[in-house]
Each structure stands twice: as C-alpha cells, then as structure tokens.
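Input: a single structure, listed below in structure tokens.
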Amino acid sequence: MSRPQERKVSKSEASKGAIMRAAVEDFTRRGYEGATIRDIAAAADASIGLIRYHFGHKSDLYRDTLAFVSEQYNEVCLEALAEAKVSGEVEKIVFSWMAAPLVAWRDCSVVSGGQVLCFLNKMGYESPELTRDVYESHFSYAIHEWHEAMRSFFPGMADGDWLWCLTMLRGMYFNIVAHNETNLWSLPAVSNKVAALQRLADDAVLLMRSYDRV
C-alpha cells in the first residue's frame with residue numbers, strides 16, 4: 001500500500017507558520033502588551049519586515065493568529081460534540097468540548113492542543129476591543145453549539161443559575177488545562193488533565209441538575 005502523500009508547503013506558508021508559532025508562544029507567555037514583534041521575529045528566525053509583509057501590525061498578527069487556531073479549535077470540538085450527541089449522555093457532551101483539544105488535536109504545525117487552550121485562555125484577559133471581532137467570527141461558534149446541546153438537558157434552569165454554573169465550569173476548566181507549572185492558586189498543575197476533565201464534567205452535571213427545576 002502506498003503511503004499518502006503529504007501536502008507540499010510553500011516557503012511563504014512555512015514562514016507564516018513559523019511566525020504564528022512564535023506569536024502564540026510570546027502572546028501566551030507575556031500577553032498582548034508584553035509581546036513584541038522584535039522578539040517574535042527572533043524566535044521565528046524571520047525579519048520584522050517579513051512579519052509586516054505577511055501580517056501588518058502587531059494587532060493584525062494577534063488577530064490573524066487567533067483566528068487561525070480558533071478555526072482548528074472549532075473543527076475538533078464540533079467533531080467531538082457530534083460524536084457525544086449520538087450517545088445522548090450529557091456528561092459526554094460536557095466532556096467533549098473540554099477534552100477535544102487535548103485528545104483530538106491533529107495539526108501541531110503552529111500550535112498543539114494544549115498550547116491552544118493556554119492561548120485562548122490568555123485571550124480572555126485581553127482588551128475586548130482587540131479580541132471581540134475574532135471571538136464573534138471564529139472562537140465563539142463551537143462554544144455556542146456546545147451551549148445549545150447542553151441547555152437542552154436542563155430546560156428548567158433559570159438564566160441566572162445557568163450563567164453561574166457555566167462561569168464556574170469555565171473557570172475550573174481553564175484552571176485545569178491552561179497552566180503547565182502551577183494553577184491560579186499557585187498549587188501544582190494537574191498532571192492527568194483528561195482524567196481531571198472527566199471528573200469535572202461529571203461533577204458539573206450533578207451541580208446543574210440540582211439547579212434544574214423541571
């Protein structure tokens with residue numbers, strides 16, 4: 001059996017990938033304000049002029065990189081959600097969104113599944129003016145679909161209770177997945193993140209059922 005041929009990557013695509021890879025690392029580590037085009041160029045072994053040519057200003061590089069990884073995020077999460085919905089089990093639906101980037105990420109040319117979660121978590125601390133357009137056009141789609149699938153299991157939950165439970169779940173989720181050394185409370189990072197997410201999904205469903213009034 002012949003091996004499938006790998007898609008040839010042009011020199012331009014390769015340079016853009018290297019720049020975005022360096023951008024993800026710098027933006028995640030130092031935030032938008034702390035990151036610099038000069039440092040990203042050095043890490044990518046590229047010139048500042050090349051970054052300007054491909055992306056424009058730093059804000060454009062940030063948005064373009066965020067949009068690129070968000071598209072991959074949507075793809076793996078929606079595939080996991082579709083599979084989980086077939087089971088009819090809400091615990092699997094909760095788990096599908098949280099674990100998909102860790103267990104089903106395929107293209108690591110720019111970012112790994114673990115790195116994208118750290119990057120997207122960092123986005124939440126940036127100025128809404130910087131991220132809103134990308135969030136609404138890319139990142140939010142998979143989350144919206146996941147919300148709808150979950151909400152159908154808890155028709156009796158008041159909107160305020162739903163938002164509170166969702167905020168709690170998101171906070172615990174990102175504290176598990178988006179910290180490689182220590183978590184938000186300076187405790188050791190979770191080593192088995194997938195197992196922790198399974199436990200979190202089960203516990204979250206129990207909590208939401210306690211608020212469901214139907």
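Data table
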read-out	value
Residues of the range 16-39 that turn out to be assigned to a loop (DSSP other than H, G, I, E, B) and in contact with a helix residue (DSSP H, G or I) (Cβ under 6 Å, 6 or more places away or on another chain), as a count	1
Conditions (1) closer than 21 Å to Met168 by Cβ; (2) among the aliphatic types (A, V, I, L, M); (3) in contact with a Leu (Cβ under 6 Å, 6 or more places away or on another chain); number of the one not met by Leu81	(3)
Pairs with Cβ under 6 Å, 6+ apart, first in the range 28-55 and without any contact (Cβ under 8 Å) to a residue 12 or more places away in the chain and of a type outside the set (Gly, Ala, Ser), second buried (at least 17 other Cβ atoms within 10 Å of the Cβ) and in a helix (DSSP H, G or I)	Ile48/Ile37; Ile48/Ala41
Test for Glu79: is it free of Cβ contacts under 8 Å to residues at least 24 places away in the same chain and either of a type in the set (S, T, N, Q) or part of a helix (DSSP H, G or I) (or both)	no
Set Ala99, Ala84, Ala42, Ala46: member being over 23 Å from the mean Cα position of the chain (by Cα) and surrounded by 15 or more Cβ atoms within 10 Å (Cβ to Cβ)	Ala46
Residues that are surrounded by 14 or more Cβ atoms within 10 Å (Cβ to Cβ) and not in a helix (DSSP H, G or I), drawn from the range 189-214	Ala189, Val190, Asp212
Identity of the residue in the range 55-73, touching an Asp or Glu at 6+ places or on another chain (Cβ under 9 Å) and not small (Gly, Ala, Ser), that ends up most open to solvent (accessible area, probe 1.4 Å)	Arg63
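The values are calculated or read from the model by the stated rules, or taken from the named source; none is laboratory data. Given the structure is predicted, the values throughout are model-derived calculations rather than measurements. Here Cβ is always computed from backbone atoms with ideal geometry, including for glycine, and neighbour counts include all displayed protein chains. For the accessible areas, the whole protein counts, side chains as well, though only heavy atoms, and no ligand, DNA or RNA atoms are used. Shrake-Rupley method; radii C 1.70, N 1.55, O 1.52, S 1.80 Å.
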